[in-house]
Amino acid sequence: LNSAMFAIPADEARADAVRDIWRKMLALDSTMNSLRSRVRRREKALADDGDTPADASSDDDLGDQHSPLAAATHDRGDNVTRDLLQLLLDNEYRTPLGVRDILEAASGSKPSQGAHDPSSLTEQDVVSLLPRFAAEGFITLVHDHDGMVVTDMQRLRMARLIKQRQAGNLGQGGKRRRVESRQSKVERLLSASSFLESQKQRTGSQIAATITTHTAVEKSLLRKFKAIDGKSIREFCDYGTAEDCTKARRASVRCRKLHFQKIIKPQTDESLGDCSYLNNCFHMDTCKFMHYTVAPADERRIKAEEEKSRRRALEQRRVVRQARADGISTELDRADLRTYPAQWIQCDIRFLDMSVLGDFSVIMADPPWDIHMKLPYGTMEDEEMRKLPIPNLQRNGYIFLWVTGRAMELGRQCLKLWGYRRCDELIWVKTNQLQRLVRTGRTGHWLNHSKEHCLVGSKGDLSQFNRGIDCDVLVAEVRETSHKPDEVYGLIERLSPGTRKLEIFGRQHNVQKNWVTLGNQLEGVHIVDPVMAQRFQDKYPEPLEVTQTKLLSGKTPEELAIAQAAAKAKAAAQP
């Protein structure tokens, strides 16, 4: 007989399979409900008989009493274990957490009512308890170049254990005794993770460990861009002043972060609170609101640390010079060879012949856009911005163009006209002196602006640039008008280390190593590069005074004097 005569249609077979699965699911659900009912009846019976102690702890959470976690609890006491677990839970959003991060969080945390002071946790406590927590499955622990790092936590299990530890499990006579669990073995089995869930958790831990471990390329980049000039990042204390920090921490060890000190003047009224503009206030001498300065003790400590770092940097450079004299090349030596001194030209961009400058890998511009507001500097018309000879300055590389809200679309048009493709956008989030978000900025027609945008354009061959090192958000303090954050220079230097860079519309505080700065608020002409100096001399052979007059006004001194006289005569002729 033909076997096809007895074949079951595919749709009917699929329907039968679905029905079988549905029946099995209903049966399993019924079994689960029955087991839960039995568990509730059992708990009720134990409660009525008084057999269930109020401080009973769950074997599912505590594990074997002879486990590493239980041993740690007996050796160090409940307080240290509970404090460390609570500290990890409170700082879960900050993961990954290293030992140093945990100790800093402990020094700044406040003990809850009736609880042990978490600031008494020592490094030995953390180092000894973290592996035991990991062995019990409460946390995921990895090891990197900084030591142990917590990458993941089982929040529910940790919270249950903390609650049980707060209740305590001391028996009569002060001796610890093992108590019965409220949940039966069936309930523990129901709440246990399945094989698939365990596999997913294990895979997630492996991924987290891989992500938090630096690759060889990342380690090489860290060594390459490590600061060697004595500068380092210093963090401000979350409590603000040193007095508030001491009261909140209640610790004898001095906080190593920076603190502020209140500036009290005769007109100051502390009840009014902090000034909205703080150190950027235009009327600080008469303002009645509170202002701050960095605490003198912290300033002295900063200067001492900077002097120590400066001496260390000088010693490194001495070693490099000695190695250079011996014919030995070092990584620091190669970095010095790629460094150009700061150079600048005081000029009006519209009147400078850009051909004297040469080619640059990165260009940054902060144009004086006409934003229809009163500004402490002159502005340029939109059409003048479009006609700037930017294409002649670069063949391959990036341009960073700072824009305002009104000039956002105009900036994109300029990039396209200059031959660039907009490839990214950098955002500067502004903070005030107390490192809080600026909410009363001086810009914005309808809403107060707390951020600025910088368009990033690219052109040509970009294979020699470092990608993927920095992110597209800068969080930095606001200073005087149009003063952009210094962090952007480090970002650009890491993008293209040791190359010639150009900043247009800069001021004296903008001059940097490896940069040529152009602007009408600079101080004279300072060119060190012999090739560029020769091109500049060939283009402008006149004396420096005449050259500067031409660069700033587009006229010779004689032409400028005639124009000024004509303007005065015209003004005098008007009624």
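Looking at Thr440, Thr431, which is the one that is touching a residue at least 60 places away in the same chain (Cβ under 8 Å) and within 27 Å of Gly240 (Cβ to Cβ)? That would be Thr440, the only listed residue that is touching a residue at least 60 places away in the same chain (Cβ under 8 Å) and within 27 Å of Gly240 (Cβ to Cβ). In the set Leu278, Leu272, only one residue is at pLDDT 75 or above, on the phi > 0 side of the Ramachandran plot and more than 22 Å from the chain's Cα centre (by Cα); that residue is Leu278. Specify which of the listed residues (Gln124, Gln154) is at pLDDT 75 or above and either in contact with a strand residue (DSSP E or B) (Cβ under 8 Å, 6 or more places away or on another chain) or of a type in the set (Val, Ile, Thr) (or both). Answer to the check: Gln154. Taking Gly419 as the residue in question, decide whether it is touching a residue at least 60 places away in the same chain (Cβ under 8 Å), within 24 Å of Leu393 (Cβ to Cβ) and in contact with a strand residue (DSSP E or B) (Cβ under 8 Å, 6 or more places away or on another chain). Judged against the criteria, Gly419 is not a match. Going by the structure shown, is Ser458 among the small types (Gly, Ala, Ser) and at pLDDT below 90? No; evaluated as a whole, the condition is false for this residue. Being open to solvent by 30 Å² or more (accessible area, probe 1.4 Å) and closer than 29 Å to Lys257 by Cα is a property that Val438 lacks.
The set of residues from the range 243-298 being closer than 25 Å to Ser450 by Cα, touching a residue at least 24 places away in the same chain (Cβ under 8 Å) and open to solvent by 100 Å² or more (accessible area, probe 1.4 Å) is empty. Has the range 253-265 got at least one residue that is part of a helix (DSSP H, G or I) and more than 24 Å from the chain's Cα centre (by Cα)? So far as the range 253-265 goes, no, none of its residues is part of a helix (DSSP H, G or I) and more than 24 Å from the chain's Cα centre (by Cα).
The values are calculated or read from the model by the stated rules, or taken from the named source; none is laboratory data. Just so it is clear, the structure is predicted and the values come from calculations on it, not from any experiment. Ideal geometry is used to build each Cβ from the backbone, glycine not excepted, and the neighbour counts take in all protein chains shown. In case anyone asks, the SASA skips ligands and DNA or RNA and just uses the protein heavy atoms, side chains included. Shrake-Rupley method; radii C 1.70, N 1.55, O 1.52, S 1.80 Å.
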